[in-house]
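Accompanying notes for the structure given below.
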Amino acid sequence: MKRQAKILIPTALCSDLHAHIFRGTTEQGGFLFADLSQAKGQVVLSATASYLVPRSGWERQTGYHLSLRDEERLKVMLMARERDSHLVEFHSHRGMGPAGFSVSDTAGLAEVLRYVKWKLPGKMYGAIVWSHMQVAGAVWTSPPDGVMPISDVVQIDVSGNPKPLRFADNRALESSVRGWGYRRQK
Ligand SMILES: [Zn+2]
């Protein structure tokens, strides 16, 4: 079976997140702290809290690029460690195109994943790109290895009803994580 990951986000967290990443004209981002459950080979990360990165947390923030300050990244890693959580980063892409990792996202993530291995040993790390139309992402089960595409990002309301968010085409997703050694299993 093809290994995939699913991200569950409570509605209130999801609306805060959405309002944050699409305000202004620049890219915006943040992190989800998440608990893990695994069922039938599927990794499910359930968000319990979020951290929305303020303007002061970015070293560079433009309409097409974000880079986080080192001290901000360290702060978030320590927050995750304190909560004994897995960590999922997210950021917005402000164009109308399909969602997927950009070349600079891929380069940045390679560095981040080595840092996660060191600062959050034994924890998973996810990355999500959010465009106006779509959501796409991947989870690393043992950073920087064990990459799998995220198959769904689902909003869960207070009574537990799921509402899937619009997702990127699966082939585009798989090609965006292929650089990390992901292969579709027959
Ligand atoms: Zn990006």
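The values are calculated or read from the model by the stated rules, or taken from the named source; none is laboratory data. For clarity, every value in this text was computed on a predicted model and none was experimentally measured. Note that each Cβ is placed from the backbone with ideal geometry, even for glycine, and that neighbours are counted across all protein chains shown.
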Query raised in the report: Among (1) crowded, with 21+ Cβ neighbours inside 10 Å; (2) not in a helix (DSSP H, G or I), where does A80 come up short?
Result: (2)
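Of the residues G160, G181, which is closer than 20 Å to T11 by Cβ, at pLDDT below 90 and surrounded by fewer than 18 Cβ atoms within 10 Å (Cβ to Cβ)?
Details: G181 fails: closer than 20 Å to T11 by Cβ.
Residue meeting the stated conditions: G160.
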Report task. Could you run through the stretch 14-35 and say how many residues are buried (at least 18 other Cβ atoms within 10 Å of the Cβ), among the aliphatic types (A, V, I, L, M) and farther than 15 Å from V129 by Cβ? Result -> 1
Requested in this report: Considering only the stretch 44-60, state which residues are touching a residue at least 12 places away in the same chain (Cβ under 8 Å), in a strand (DSSP E or B) and under 20 Å from L109 (Cα atoms).
Outcome: L45, S50, Y51, L52, W58
Query raised in the report: Which residues, taken from the stretch 1-41, are in a loop (DSSP other than H, G, I, E, B) and without any contact (Cβ under 8 Å) to a residue 40 or more places away in the chain?
Result: R23, G24, K40
Report task. Restrict the check to the stretch 100-114 and report whether at least one residue is basic (K, R) and out of contact with any Pro (no Cβ under 9 Å at 6 or more places or on another chain). Result -> no
Requested in this report: Within the stretch 90-102, identify whether any single residue is surrounded by 14 or more Cβ atoms within 10 Å (Cβ to Cβ), within 10 Å of the ligand (Cβ to nearest atom) and in a helix (DSSP H, G or I), and answer yes or no.
Outcome: no
